[in-house]
Amino acid sequence: MDVCPKNSWILDDESLGLDTSTCDGCGLCVPACTEGAITQTKVCTIREEDNKKVLLLGCEYIKPSSDSSSNPTLESDSWKCIHAVSSHELLGLYHDGIRQIIASKADCNTCSRGKNEHIEVRVNKIDKMLRHSRLAPLHYNEIPADQWFQLWKTPEKSAPGPEMSRRMFFRSAIKQTVDMVLHHSTLDSAKTEFMPLAKILKNNKGSAAISAINSEDTLYPAVPVINPEKCNGCDTCFRTCPHGALLFKLEDNNARYEIDAAACSACNICTDICEQDAISILQWHIQLDRVISLNVEQCRSCGAVFHYPRVNALKGETKAEAKREVKGKDKTTSISPRQLCNICEKVNHQRNLFQVLD
């Protein structure tokens, strides 16, 4: 809703809708959705230069300086807005062999679509993650409209020589067929299963030097961080995480939270739902803490087993003001905060006790 330049998305208490009469199909909502719930079939233009695939991205507002009537329209061959290419689509193109992107665009400062994150910023983030993982980089270059159109109109083809043998003739025919396929390629993100960026890179078994994914200097698109001094161990975060980036494990009475940054999609559900503001999401960062140790106790009020971060416990024991008071009708009892579960800390059960006298 925030990125749509036409305000076509409509959200109320009951549903989320799209006003198709105002939507111009720019596709900026696709990269804005962290869960891949919005998809769009896009036709991309690919060329092959020096035996390497090159992706051409052209803004629908670019025009060559020459007579535009002699140039075919871009409407059916490119994104309406090149900033609509999501990070997932960029990584998918990378796995298809794309190592270079050549783009041409109009003045984004005067366009309502240019207020969001630009494609070059997104490519630089992907390239930085690839370099940290010791994989081949992804390059982005911008060229003038005239050069872009010239490259767009002339796909590379092999011309048969005067002394071409029969075998070379068939090889040339096969290559020309491949060039025709490369001229237009369809990218449909709806046909691929959605998963977080780092997990896509981690699951790419065909890439070399992928062992660096789990190293300490790995760069992740999103890194959940739990502040143990604020966390009360309510478990709401890991219960609501849609991708299992936050996990709770209990083995031999040893409890811990485990953080898997590779599974985080930056949906921010955990940050929105945490009442203690104990969780934050770092964008394009190195993961420092992967395990949060927990203490396991039994509530003295209701008898339920609960847990809380060990650092939180140490901090609470050194502060006298952290004491809670449970007030009854006839007496006041001081109880250590680590002896009550989260519910009993908020609810005074003794207030429900009463006596009926005739």
Taking segment 243-288 as the search range and keeping residues that are among the small types (Gly, Ala, Ser) and on the phi > 0 side of the Ramachandran plot, which one is surrounded by the most Cβ atoms within 10 Å (Cβ to Cβ)? ALA266
Residue satisfying all of: in segment 289-305; part of a strand (DSSP E or B) and in contact (Cβ under 8 Å) with a residue 60 or more places away in the chain; surrounded by the fewest Cβ atoms within 10 Å (Cβ to Cβ) among these: ILE292
Among (1) surrounded by 12 or more Cβ atoms within 10 Å (Cβ to Cβ); (2) at pLDDT below 90; (3) not assigned by TED's automatic domain parsing to the domain that holds LEU93, where does LEU182 come up short? (3)
Could you list, in sequence order, the residues of segment 281-294 that are under 17 Å from LYS230 (Cβ atoms) and within 15 Å of the chain's Cα centre (by Cα)? ILE281, LEU282
Matching option when the condition is modelled with pLDDT under 85 and within 19 Å of PHE248 (Cβ to Cβ), among VAL311, VAL356: VAL311
Which one of these is part of a helix (DSSP H, G or I), surrounded by 13 or more Cβ atoms within 10 Å (Cβ to Cβ) and at pLDDT 90 or above: GLU89, GLU120? GLU120
Residue in segment 1-48 that is farthest from the chain's Cα centre (by Cα), counting only those that are more than 26 Å from ALA198 (Cβ to Cβ) and polar (S, T, N, Q): SER21
List the number of the failed condition for CYS270; all other conditions in (1) out of contact with any helix residue (DSSP H, G or I) (no Cβ under 7 Å at 6 or more places or on another chain); (2) more than 27 Å from ARG131 (Cβ to Cβ) hold. (1)
Which is aliphatic (A, V, I, L, M), over 30 Å from ARG134 (Cβ atoms) and modelled with pLDDT under 90, of LEU294, LEU250, LEU288, LEU219? LEU250
Taking GLY17 and the conditions (1) surrounded by 13 or more Cβ atoms within 10 Å (Cβ to Cβ); (2) assigned to a strand (DSSP E or B), which numbered condition does it fall short on, given that it satisfies the others? (1)
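Just to be sure before I move on: is GLU142 modelled with pLDDT of 85 or more, within 27 Å of THR41 (Cβ to Cβ) and not assigned by TED's automatic domain parsing to the domain that holds HIS243 in the structure I sent?
In short, yes.
The values are calculated or read from the model by the stated rules, or taken from the named source; none is laboratory data. Computed from a predicted model, the values in this text were never measured in an experiment. Heads up, the Cβs are rebuilt from the backbone with ideal geometry, glycines too, and the neighbour counts pull from every protein chain shown.
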